[in-house]
Every structure is written in C-alpha cells, then in structure tokens.
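Data first, discussion second: the structure below is written as structure tokens.
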Amino acid sequence: MPLPLGAVAQGAVPAGTSTDGSVPQHVAIIMDGNGRWAASRGLPRIAGHRAGAEAVTRCLRAARRQGVEYLTLYAFSSENWRRGPDEVADLTGLLRFYVRHKVAELHREQVRILFVGEVHRFGSDLCDELARAEQLTAHNTGLTLLLALSYGGRNDIVQATKAIARAVQRGELDPDTIDENMMSRHLLTAGIPDPDLVVRTSGEHRISNFLLWQSAYAEFVFLDSLWPDFDETTFAQVLEIYGRRERRFGARPA
Ligand code: IPE
Ligand code: IPE
Ligand code: MG
C-alpha cells in the first residue's frame, strides 16, 4: 500500500503503511560541517558558512525539481549562540545578506518562506526583514521553505505546552481534550506536515535539538560529506536511499 504522504501531518500516524519509492513530502536537513570544510582548506569559518549558503541554493533547486513540497533547513540552533560574538555576527550578516538578495528570486519561483525559532534574538531590524519576506511570499503555491533560526526542539515543545496551559488557566480548555494533534497545532511548525526524512551531513549521528516532536517517525539519513559540498546529486542520492526504506509506523512488516 503506498504511503498516503500528507497523512502523517499533525501527528496523525496512518496505520499499516510503507514507502513505494515515492518522493518525501517534507525533507528536513541539519546542514552541518561548514567549519570543517573551511578548516580543511585553511580558510576562516565564515568562508565555510558562505559556501554553505551556496549549497542552500543548490539544495532548494534540487528539492523543487524533485517535487518536494516542504523543505526545512536547520540554519542556527538555540545552542549556536554559544559560538561567541564573532561567529554569531558573521552568521547574522550572512543571513541578512541572504534575505536581502535571495528573497525576490525565491518569490519569483513561487517559494513560500517561513522562519521558525526565536528570531527576535537576531534583533528587531533583521526580524522585521524576515517578517516582510514571510508576508511577501505568504500566498506562493510552490515549495514551502522553513528556515530554522535560533530553533530548539525542546523549547518548541515548552512554548507549545505554555500556550496550552494558559488556555486551561483561562478556562477555555478541558485538559482531558489535550492530545497529540493539539500539541502539533501549537508547535512552531503548526500546519506543516511532519518531516518524512531528516538528513544530516558531516558524519555526525545526532539530532542536536532539531525537530524533536515532529521527527518521531521520520526516516534518518546521515551523510559523511560536509554541507558546503551538498549538491543536486547528493539530494538525488538521499531520495534514493529514502525510497528503499520501508516505513511501518509500528505496523507489521509488509
Ligand atoms: C553548520 O556548520 C552551521 C551551523 C551550525 C551554523 P558548523 O559551523 O557546525 O561546522 P562544523 O561542525 O564546525 O564543521
Ligand atoms: C546543528 O549543528 C545545528 C545546525 C546545523 C544549525 P551543530 O554543529 O551546532 O551541532 P553540534 O553542536 O555538533 O551537536
Ligand atoms: Mg557543526
């Protein structure tokens, strides 16, 4: 039975499904290895981040061509503030440059852009620019690009829990009606189907506080290559690996 792709949305797990090689509806990527890419060339870390931004463009093109509907890119974690002011300033500058120079093109390509995370921590000016990019592209009907910025999966769950607790406190919600779908609707990714596939580059085998709730039933692919080397061929290889996986969601093997 082919996997009814949208059915995994909002935490609703379909019973007895498996993949048939179909394209994942939602691909989420932990873009890791920029620093090592730069170090291996004797370059400063910022050079790796710049090359990583170019890989984002290639990845997006590949995702659109392959018919992926949702692409989430982990660009900055809530823990990445620990990197020190120089690297944070470099990354913030790169983000500003990317938003200023790429949004018009993405808009022409019908890409809808959303930012998930504590974006206010990047300062009100940049935050306003991000909000404008979201507004400009809000009605686009092509690929939806989620950029995870100052994102932390645990914090996502905490903020959703607080919102639900407040509704209970106001007397608007019976705690017995809280369920998985309600939690999903209060996450920063509300309305976005759960990722079918989570990819991490750079040979690290961990989730680093990415989409903890949302990736409950995602397939994981870990690549040894570094993010700045990611291209359309890599994307096709990853989809090929995904296509060979059997997703069971707890049901008996086919
Ligand atoms: C990923 O590359 C980019 C961010 C986390 C912002 P890294 O900067 O983590 O690169 P490595 O892991 O040090 O090689
Ligand atoms: C994860 O990479 C975050 C992003 C890719 C944005 P890190 O390089 O920050 O992860 P750790 O510290 O190695 O787990
Ligand atoms: Mg890293």
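Every read-out reported here was derived from the displayed coordinates using simple, explicitly stated rules and does not represent laboratory data. Please read all numbers here as calculations on a predicted model, not as lab measurements. Reconstructed Cβ throughout: ideal geometry from the backbone, glycine too, with neighbour counts over all protein chains shown.
Qualifying trypsin sites (Lys or Arg not before Pro) in region 164-254, where qualification requires a DSSP coil assignment and no more than 11 other C-beta atoms within 10 Å, comprise 170, 206, 244. Annotation for region 29-82: trypsin sites (Lys or Arg not before Pro) lying in DSSP loop with at most 15 further Cβ atoms inside 10 Å of their Cβ are 41.
Sorting 252, 132 from the fewest to the most surrounding beta carbons within 10 angstrom yields 252, 132. Normalised size of the chain, defined as Cα radius of gyration per 2.2 N^0.38 Å with N residues, equals 1.02.
Which FRET efficiency, nearest 0.05, do residue 41 and residue 225 yield, Cβ-Cβ r, R0 22 Å? Using R0 = 22 Å, I get an efficiency of 0.90.
About its Cα centre, the chain has a charge dipole of approximately 300 debye under the convention of +1 per Lys or Arg Cβ and -1 per Asp or Glu Cβ, with nothing else charged.
Kirkwood radius and radius of gyration were both taken over the C-alpha atoms of region 153-195, and their ratio Rg/Rh is 0.98. Each of 168, 251, 136 was scored by the projection of its Cα onto the charge dipole of the chain, and the greatest displacement toward the positive side belongs to 136; charges sit on the C-beta of Lys, Arg, Asp and Glu. Annotation for region 155-254: GluC sites (Glu not before Pro) lying in DSSP loop with at most 11 further Cβ atoms inside 10 Å of their Cβ are 172. Legend: ranking of residues 30, 207, 113 from fewest to most surrounding C-beta atoms inside 10 Å; resulting order 207, 113, 30. Once a ≥ b ≥ c are taken as the square roots of the eigenvalues of the Cα gyration tensor of region 23-151, is the result rounded (a/c under 1.5), prolate (a/b larger than b/c) or oblate (a/b not larger than b/c)? Oblate shape, in that a/c is at least 1.5 and b/c is the bigger or equal ratio.
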